[in-house]
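The values are calculated or read from the model by the stated rules, or taken from the named source; none is laboratory data. This one's a predicted model, so the numbers in the text were calculated from it and none came from an experiment. Quick reminder, even Gly has a Cβ in these numbers, built from the backbone with ideal geometry, and neighbours come from all protein chains shown.
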């Protein structure tokens, strides 16, 4: 059974609903029907600190976009007619990788409005989608418009590659709002910083190399109800296996236990095991893989005794290391070293 607008937990700031209602009034229209559809009473709309559910926000936004014929909900100096963001998604759908898709989306967004410019910036291992503001909307609408655009592109990016893309950081160029705690849910896992130079979200740049996993049929289905893109939580993380390998290599002591590794990755140990299983991997197999590569590297590139190599890769004694190494390679450490220098 489909949930009604008020059945899920209320975490979305009512301040965002007020912005949408304000967009109606600036157009000389009445938001009453849309508010009623979303089960938001006039009394609650003006209540300080009130919250609504993600479903209520979806219903209200969808109704307003249709009635105002503006998918930007009054954020820009010109309206973005219904279907504008679907057009952007379709124009990027044939991209070979997520990085190319995001660049196309940002470039095409500039054709819809000159008020903001979106850009994909990569610095080392970090990618960022950055917003430059050429014209600011109504003061009361600025926060919502920046949040709306960044959540839209982040949700679309996750949808394109069918993967959860955890954010390393989100930044906003306005003071910390009274409802700042809601940002942890909108831009997980954070942190979120305010009073920054510009609005941006940052994430691991390796996601940019992932191929798109959606086609025209999937796009058509998604566009029937596009707003959930901004709230949908993906369970799968297609970079998790790589992230686990990296953590095991870079932090061998802390990552020795599942709990320690999960903490490094901002996950629970239960979630870590489940998501690895979904990716067809196991923590023990990845540990063995990393230890095997480290052991082979030490045997090739150093003259350390096998006992020291065993300790360096986490074994308590040479005997257990030799047994494991033979299972990994079919050779003893001594035989492997002799072949490597042969």
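General remarks:
- Per the conditions (1) surrounded by 13 or more Cβ atoms within 10 Å (Cβ to Cβ); (2) assigned by TED's automatic domain parsing to the domain that holds residue 252; (3) out of contact with any helix residue (DSSP H, G or I) (no Cβ under 7 Å at 6 or more places or on another chain), the sole criterion not satisfied by residue 276 is (3).
- Selection count where residues are exposed (fewer than 13 other Cβ atoms within 10 Å of the Cβ) and closer than 9 Å to residue 171 by Cα, scope the range 181-213: 3
- The residues of the range 167-192 that are over 25 Å from residue 10 (Cβ atoms) and over 16 Å from the mean Cα position of the chain (by Cα) amount to a single one, 173.
- Just one of the numbered conditions (1) surrounded by 15 or more Cβ atoms within 10 Å (Cβ to Cβ); (2) touching a strand residue (DSSP E or B) at 6+ places or on another chain (Cβ under 8 Å); (3) within 25 Å of residue 266 (Cα to Cα) is not true of residue 131: (3).
- In the range 246-259, residue farthest from the chain's Cα centre (by Cα) [restricted to those that are surrounded by 14 or more Cβ atoms within 10 Å (Cβ to Cβ) and within 18 Å of residue 285 (Cβ to Cβ)]: 252
- The single condition from (1) at pLDDT 95 or above; (2) touching a strand residue (DSSP E or B) at 6+ places or on another chain (Cβ under 9 Å); (3) not assigned by TED's automatic domain parsing to the domain that holds residue 10 that residue 125 fails is (1).
- Exclusive hit being buried (at least 20 other Cβ atoms within 10 Å of the Cβ) and touching a helix residue (DSSP H, G or I) at 6+ places or on another chain (Cβ under 6 Å), set 72, 64: 64
- Subset of the range 97-113 [surrounded by fewer than 17 Cβ atoms within 10 Å (Cβ to Cβ) and in contact (Cβ under 8 Å) with a residue 24 or more places away in the chain]: 97
- Single residue of the range 214-228 satisfying the filter (at pLDDT below 90 and in a loop (DSSP other than H, G, I, E, B)) that is surrounded by the most Cβ atoms within 10 Å (Cβ to Cβ): 226
- Among the candidates 323, 304, 316, residue that is surrounded by fewer than 16 Cβ atoms within 10 Å (Cβ to Cβ) and at pLDDT below 90: 316
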